[in-house]
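Trainee: Quick one: structure below, then a few questions.
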Amino acid sequence: ERDLKFTQALWETSEYNENATNVVQPEFAHIALRPEDSWMANSNADRSIYRYFQWLVQEILVKHGGFDEFSDHLGEPFGIQVLPSDKKDVQYPGMSIDADEGTYDGNAEVIENLLDQAAVATEDLESYVELFHGDLATKECIEGLKRMRTIERTARNRLSFLQFVPGLFHMKMAVADAYARVHVTPVANRTEKLGVNEYLNYLRPKATAEFTSKKGPSFRSMHDTIHHVTWTDILASGAIEAQQLFKFDSLAAFKESKPKWTQLVELSEAIINNHLPGID
């Protein structure tokens, strides 16, 4: 309950509030307002983003680098505020709504209708945020509605209680699209040394025509390519670090030496520290 009680704090830092003294973009509002709750805040914590990347690198080494014997050591990635397995969630399906979600007015109608169906009190919205899911077009409409309602006095009318949370699939679509715009679409980047096209020539030669076509690659092709390029870079980085740490010429030679799990962990840490940007 405490985690959702920050509607007022959101409004005080909102870009739509002309009296705001310290504007925080909505995507980072929770981290800025409650930094002690952020799993990304402490790079040394067991559940930090560093530890997640460490698990991811280890997974790539185990599943794609030939270290299958360590599958049992790998385990599962950690969860954030995982619900207990013995707790049953209660869901209340909403009634269908006759509204055009392609318009601002239609989205406003949907929001009001859902609040009415859930019997959410207007005064509660002054304190508690409501998490709202949808695609990026829905987010654009919600932000547009907020811009139109900055002079309203209540959180309900301003929609300042709404905290938009994109669905994982839509987030992956946005990331894949951003990757394509930077690394695939620009013609000049197609001859880049160790660029995506060079990787494609070796990893997926039959897909080269799709990536250089006017239409561009499908989401699935783009998604698979991102995975394949990432695996390749991690394994190449692993070969470099295996030579630096253990004096082996390749990952295959390192594997033949029958390393211990602790050595593979050491290798993953070296890959993160020396080859991944943005990790302190």
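Trainee: When the residues of the stretch 119-136 are filtered to those that are outside any strand (DSSP E or B) and in contact with a helix residue (DSSP H, G or I) (Cβ under 8 Å, 6 or more places away or on another chain), which remaining residue is surrounded by the fewest Cβ atoms within 10 Å (Cβ to Cβ)?
Mentor: Filtering the stretch 119-136 for residues that are outside any strand (DSSP E or B) and in contact with a helix residue (DSSP H, G or I) (Cβ under 8 Å, 6 or more places away or on another chain), the one surrounded by the fewest Cβ atoms within 10 Å (Cβ to Cβ) comes out as Thr122.
Trainee: Then there is this: Given the residues Lys88, Lys139, Lys146, which is the only one that is over 30 Å from Ser268 (Cβ atoms) and assigned to a loop (DSSP other than H, G, I, E, B)?
Mentor: That would be Lys88, the only listed residue that is over 30 Å from Ser268 (Cβ atoms) and assigned to a loop (DSSP other than H, G, I, E, B).
Trainee: Just a yes or no: is a residue in the stretch 86-104 closer than 16 Å to Phe164 by Cβ, loosely packed, with under 11 Cβ neighbours inside 10 Å and either of a type in the set (Val, Ile, Thr) or touching a strand residue (DSSP E or B) at 6+ places or on another chain (Cβ under 7 Å) (or both)?
Mentor: no
Trainee: Another question about this same structure. Working only within the stretch 183-194, note down all residues that are modelled with pLDDT of 85 or more and in a helix (DSSP H, G or I).
Mentor: His183, Val187
Trainee: Something else now. Ala176 - would you say it is touching a His at 6+ places or on another chain (Cβ under 6 Å), in contact (Cβ under 8 Å) with a residue 24 or more places away in the chain, assigned to a helix (DSSP H, G or I) and farther than 18 Å from Leu61 by Cβ?
Mentor: yes
Trainee: Another question about this same structure. Return yes when Arg156 is modelled with pLDDT of 95 or more, closer than 28 Å to Thr13 by Cβ and assigned to a helix (DSSP H, G or I) and no when it is not.
Mentor: For Arg156, the condition - modelled with pLDDT of 95 or more, closer than 28 Å to Thr13 by Cβ and assigned to a helix (DSSP H, G or I) - is met.
Trainee: I would also like to ask the following. Only one of these is among the small types (Gly, Ala, Ser) and within 24 Å of the chain's Cα centre (by Cα): Ser257, Ser213, Ser221. Name it.
Mentor: Ser221
Trainee: With the stretch 195-274 as the region, which helices (runs of 4 or more DSSP H) entirely inside it contain at least 2 residues that are of a type in the set (Gly, Ala, Ser)?
Mentor: Output list reads 219-246, 251-256.
Trainee: State the number of residues belonging to the stretch 159-171 that are buried (at least 18 other Cβ atoms within 10 Å of the Cβ) and in a loop (DSSP other than H, G, I, E, B).
Mentor: Within the stretch 159-171, residues that are buried (at least 18 other Cβ atoms within 10 Å of the Cβ) and in a loop (DSSP other than H, G, I, E, B) number 3.
The values are calculated or read from the model by the stated rules, or taken from the named source; none is laboratory data. Everything numeric in this text was worked out from a predicted model, so none of it was measured. Here the Cβ is made from the backbone with ideal geometry for all residues, glycine too, and neighbour counts use every protein chain on show.
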